[in-house]
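Enquirer: Please read through the structure below; I'll follow up with questions.
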Amino acid sequence: MDRDIINNLEELFEVMIKLRSKNGCEWDRKQTIKSLKPYIIEESYEVAQAIENEDYEELKDELGDVLLQIVFQSIIAEEEKKFDFSDVIKSVTEKMIRRHPHVFEKKGEYSYENWENIKAKEKNHKKQSSLGELKNNLPPILKLRRIIDNSKELGINPYKDENLKEIMINNIKKDNFSDFFEVLLFYLSENKLQINEIINESAKNYYEKFINIEKMLNQEIINNEKNFIKLWKDKYGEEIK
């Protein structure tokens, strides 16, 4: 490994250990494993945003922030005699070797089902489904997308050769939104579209439309819904026909 990488990592540890010391930073000293939870979630989203923006300078910074959180958590865990940074590296290295027997042990070829079987053995429990675990800690859309992706990895698509648009329309007519989202995610997957990118684009579009109408009303938005709707329909009505 490049010596610069080791030196830079050691320097980061020295900085964080100093910040946690008696003469360090009051805010850093009082942090706990649980109190840092929101920050590692936030930094992960910012990494995703940098990737979406294809801003590699920003991505470099945001990945650094994620690394900082990993180092910070590891230092606190070491103080509490739970584990240290070396344990983190060892754990993930062993996991990657264990989950790739087709590479490191030359045993067969990769398959999604083998991957899930290995994961189930690691957790010492019987696998409930070939789909793997239902991860309730994931954001809802990501959870559904993961299940559908796993299903397709197994070669199972219950909507193959179906008219998915027609099924979605029928689901909406019946207010069956649960099945609607299920079919929608299959449709997006079939067309290689990402739900998060679509939602982000939708948020951006609505925001920009709102601002445009707001300007036309000279910022007089409060209790002005009637005029707002009229201008909206005049300007954007054709888009929804």
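Enquirer: Which three lengths, in whole Å and largest first, does the chain cover when its Cα atoms are put on their principal axes?
Expert: 63, 53, 31
Enquirer: Can you give the Kirkwood hydrodynamic radius of region 119-207 from its Cα pairs, in Å with one decimal?
Expert: Kirkwood radius, region 119-207: 14.8 Å.
Enquirer: All other residues with a Cβ under 13 Å from the Cβ of Asp28 taken together, and with Lys, Arg as +1 and Asp, Glu as -1, what is their net charge? Each step should come with its number before you reach the end.
Expert: Numbers: positive: Lys18, Arg20, Lys22, Arg29, Lys30; negative: Glu26, Glu79.
Result for the local shell: +3.
Enquirer: Stokes-Einstein at 10 °C, 1.306 mPa s, Kirkwood radius from Cα pairs: D for region 168-241 in µm² s⁻¹? Kindly include the intermediate steps, with their values, before the conclusion.
Expert: Values: Rh = 14.8 Å.
Reported coefficient: 108 µm²/s.
Enquirer: Here is a follow-up. Under the definition of Cα pairs under 8 Å and six or more residues apart, what whole-number percent is the relative contact order of the chain?
Expert: Values: 114 pairs, mean separation 18.8, N = 241.
Over the chain, the number comes to 8 percent.
Enquirer: Right, another one. Could you give the nm distance between label points at Ala203 and Glu80, where each point is 7 Å from its Cα heading toward the beta carbon?
Expert: Once both label points are built, they end up 3.0 nm from each other.
Enquirer: Order 157-166, 205-214 from most to least packed using the mean count of other Cβ atoms within 10 Å.
Expert: Numbers: 157-166: 10.9, 205-214: 12.5.
The packing order, highest mean first, is 205-214, 157-166.
Enquirer: Cross-link list Lys160/Lys204; Lys121/Lys143; Lys60/Lys107: which exceed 30 angstrom alpha carbon to alpha carbon? Write out the running numbers ahead of the final one.
Expert: On the way: Lys160/Lys204 33 Å; Lys121/Lys143 22 Å; Lys60/Lys107 36 Å.
Beyond 30 Å: Lys160/Lys204; Lys60/Lys107.
Enquirer: A follow-up question, please. Find the all-direction average of the projected area of the Cα convex hull for region 3-89, expressing the result in square nanometres with one decimal place.
Expert: Working: hull surface 25.6 nm².
Taking a quarter of the hull surface, the average projection is 6.4 nm².
Enquirer: Let me ask another. Stretched out fully, how many nm does the piece from Ile221 to Asn136 gain, at 0.36 nm a residue minus the Cα gap? Before the final figure, lay out each step's value.
Expert: Details: separation 85, 0.36 × 85 = 30.60 nm, distance 3.95 nm.
Once the chain is fully extended between Ile221 and Asn136, it gains 26.6 nm.
Enquirer: Compute the length gained on full extension between Met96 and Leu193: take 0.36 nm times their separation in residues and subtract their Cα-Cα distance, giving the result in nm to one decimal. Kindly include the intermediate steps, with their values, before the conclusion.
Expert: Numbers: separation 97, 0.36 × 97 = 34.92 nm, distance 2.86 nm.
The Met96-Leu193 span can extend by a further 32.1 nm.
Enquirer: Further, regarding this structure: Tell me which lysines have Cα within less than 25 Å of Lys22's Cα, excluding those fewer than 8 residues away on the same chain?
Expert: Lys30, Lys34, Lys37, Lys81, Lys82
Enquirer: Note the per residue figure in Å³ for the convex hull of the C-alpha positions in region 130-169.
Expert: Working: hull volume 3.0 nm³, N = 40.
About 75 Å³ per residue, rounded to a whole number.
Enquirer: Separate question: By how many nm would the segment from Glu214 to Lys143 lengthen if fully extended, with 0.36 nm per residue of separation less the alpha-carbon distance?
Expert: Values: separation 71, 0.36 × 71 = 25.56 nm, distance 3.64 nm.
Stretched out fully, the Glu214 to Lys143 stretch lengthens by 21.9 nm.
Laboratory data are not the source of any read-out in this text; all were calculated from the coordinates shown. Values in this document were obtained by computation on a predicted structure and should not be read as measured data. FYI the Cβ positions are ideal-geometry reconstructions off the backbone, even for glycines, and counts take in every protein chain you see.
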